[in-house]
Amino acid sequence: MEKSRAMKRDWIATARTLSEALPYMQRHHGATVVVKFGGHAMGDEEAMANFARDIVLMKQCGLHPVVVHGGGPQIDDMLKRLKIESTFIDGKRVTDEATVEIVEMVLAGRINKHIVRALNAQGGRAVGLSGKDADLIVCEKALKWIKDPESNIERVLDLGFVGQPVEVNPDVLFMFIEGDFIPVVAPVGVGRDGETYNINGDTAAGAVAGAMNADRLLLLTDVAGVKDAEGDVITRLTAETVQGLTEEGVIAGGMIPKTETALDAIRAGVKAVVIMDGRAPHACLLELFTEHGAGTMILP
Ligand SMILES: Nc1ncnc2c1ncn2[C@@H]1O[C@H](COP(=O)(O)OP(=O)(O)O)[C@@H](O)[C@H]1O
Ligand SMILES: CC(=O)N[C@@H](CCC(=O)OP(=O)(O)O)C(=O)O
């Protein structure tokens, strides 16, 4: 008796949620949503399954999700096992020849296939590819300029095989979308001479979203959003505020490529970018299908 009453309550709550969500589902029908799934957001098997369920549901609701993933912590683990040292500059891994080989193996191999399998287990039809497939993401060597604070002279820091996307060919993604598949992209790019480049996952997601003219770019991570100096999540951000917070050092580490990506993506024509906690249950659905959304929205 108690159980059936509880079930009824659950059903009413779900029905109410669904009726509230319906206008948002209709508004987003046919929308392209690029979702960056970060290595930290992947967490455990349960987090992976929850993420996969949401993406498949988005597809069933008539949206066109495209997953671009990261895998920084998983690359760290593998490099540690192989006793290869690794350092980061402004959230980007300094990538020598030995490192780029491991990066490609981990990202385009193990992680990409793990996500594909998780999506397919939830009833999706996912296809994994990297930025090398059909020249999806063509890169040049990323250059990091730094200014010597004493002499004020600028010089370039060598990050090795870190790629800056210079050309994105999304036809292959549109082709899969047309066939009702969910593309899953590993952030590994190709140089004009065939070199392999390690692209920061956020940068790759932004470049793909920009080239597809996506309606939304969701950057899933392990924090609720961009936080201010007091540690409170900021719900809306503009380019100006991002610049100020970065100069003050409030936006730091891995959050730098995320906010840079968000601004670049908006300049390239993406309608809005949201930075949010990918481990929170149904994070993507809450963002797309409710009025209050989730995380930090970055707007033009
Ligand atoms: N202002 C900020 N607000 C929120 N997180 C921040 C901020 N500045 C730096 N961070 C850090 O950025 C991290 C997210 O970047 P990263 O670790 O690269 O995530 P992912 O692996 O999901 O791409 C957060 O866990 C947090 O430690
Ligand atoms: C150049 C660069 O830093 N590439 C990243 C690629 C993976 C990534 O971005 O993973 P997350 O999204 O989980 O951080 C790296 O080597 O860690």
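The values are calculated or read from the model by the stated rules, or taken from the named source; none is laboratory data. Because the structure is a prediction, the values reported are computed rather than measured. Note that we place each Cβ from the backbone using ideal geometry, even for glycine, and neighbour counts take in every protein chain shown.
Show the residue pairs meeting these rules: Cβ distance below 6 Å; 6+ apart or different chains; first residue within the stretch 217-230 and surrounded by fewer than 19 Cβ atoms within 10 Å (Cβ to Cβ); second residue assigned to a loop (DSSP other than H, G, I, E, B).
Matching pairs, first to second residue: ASP228/ILE234; ALA229/VAL250.
Restricting attention to the stretch 215-261, report how many residues are touching a Ser or Thr at 6+ places or on another chain (Cβ under 8 Å), among the charged types (D, E, K, R) and within 11 Å of ligand 1 (Cβ to nearest atom).
Number of matching residues: 1.
I need the full set of residues from the stretch 56-82 which are within 9 Å of ligand 2 (Cβ to nearest atom), in a helix (DSSP H, G or I) and either touching a Gly at 6+ places or on another chain (Cβ under 7 Å) or among the polar types (S, T, N, Q) (or both), in order please.
Hits for the stretch 56-82 are GLY72, PRO73, GLN74.
Having 2 or more residues that are away from ligand 2 (no atom under 16 Å from the Cβ) and of a type outside the set (S, T, N, Q) is the bar; report the strands (runs of 3 or more DSSP E) wholly within the stretch 156-275 that clear it. Give the derivation first.
Numbers: elements: 182-186, 188-191, 196-198, 216-221.
Ranges flagged: 182-186.
If GLY269 passes every condition in (1) on the phi < 0 side of the Ramachandran plot; (2) surrounded by fewer than 17 Cβ atoms within 10 Å (Cβ to Cβ) but one, which one does it miss?
GLY269 satisfies all of (1) on the phi < 0 side of the Ramachandran plot; (2) surrounded by fewer than 17 Cβ atoms within 10 Å (Cβ to Cβ) except (1).
Taking the stretch 118-143 as the region of interest, how many residues are part of a helix (DSSP H, G or I), without any contact (Cβ under 8 Å) to a residue 40 or more places away in the chain and loosely packed, with under 15 Cβ neighbours inside 10 Å? It would help to see each step written out before you state the result.
From the stretch 118-143, those part of a helix (DSSP H, G or I) are 118-121, 133-135; that's our starting set.
After this cut, where a residue has to be without any contact (Cβ under 8 Å) to a residue 40 or more places away in the chain as well, the list is 120, 133-134.
Checking which are loosely packed, with under 15 Cβ neighbours inside 10 Å leaves us with 134.
Going through the stretch 118-143 one residue at a time, the tally reaches 1.
Pull out all pairs, ordered by first then second residue, where Cβ-Cβ is under 9 Å, the residues are six or more apart or on different chains, the first lies in the stretch 281-293 and is buried (at least 23 other Cβ atoms within 10 Å of the Cβ), and the second is among the hydroxyl-bearing types (Ser, Thr, Tyr) and assigned to a helix (DSSP H, G or I).
Sorted first by the residue in the stretch 281-293, then by its partner, the pairs are LEU288/TYR24; PHE289/THR17; PHE289/TYR24.
Of all the residues that make up the stretch 144-155, how many are over 25 Å from GLU97 (Cβ atoms) and assigned to a strand (DSSP E or B)?
Step one: list which residues in the stretch 144-155 are over 25 Å from GLU97 (Cβ atoms), which gives 147-154.
Now restrict to residues that are assigned to a strand (DSSP E or B): 147, 154.
Final tally of qualifying residues: 2.
From the list ILE55, ILE75, ILE111, ILE84, pick out the single residue that is touching a Cys at 6+ places or on another chain (Cβ under 9 Å), among the aliphatic types (A, V, I, L, M) and more than 19 Å from ALA142 (Cα to Cα). Talk me through it step by step, then tell me what you get.
Working: ILE75 fails: touching a Cys at 6+ places or on another chain (Cβ under 9 Å); ILE111 fails: touching a Cys at 6+ places or on another chain (Cβ under 9 Å); ILE84 fails: touching a Cys at 6+ places or on another chain (Cβ under 9 Å).
It is ILE55.
Taking the residues in the stretch 18-45 that are loosely packed, with under 15 Cβ neighbours inside 10 Å and part of a helix (DSSP H, G or I) as candidates, determine which candidate is modelled with the highest pLDDT. If you could, list the steps in order and put the result at the bottom.
So the first thing to find is which residues in the stretch 18-45 are loosely packed, with under 15 Cβ neighbours inside 10 Å, and the list is 18-20, 22-23, 26-27, 29-30, 44-45.
Subset that is part of a helix (DSSP H, G or I): 18-20, 22-23, 26-27, 45.
Details: LEU18: 63, SER19: 69, GLU20: 71, LEU22: 72, PRO23: 71, GLN26: 71, ARG27: 71, GLU45: 91.
Looking at the filtered set, the residue picked out is GLU45.
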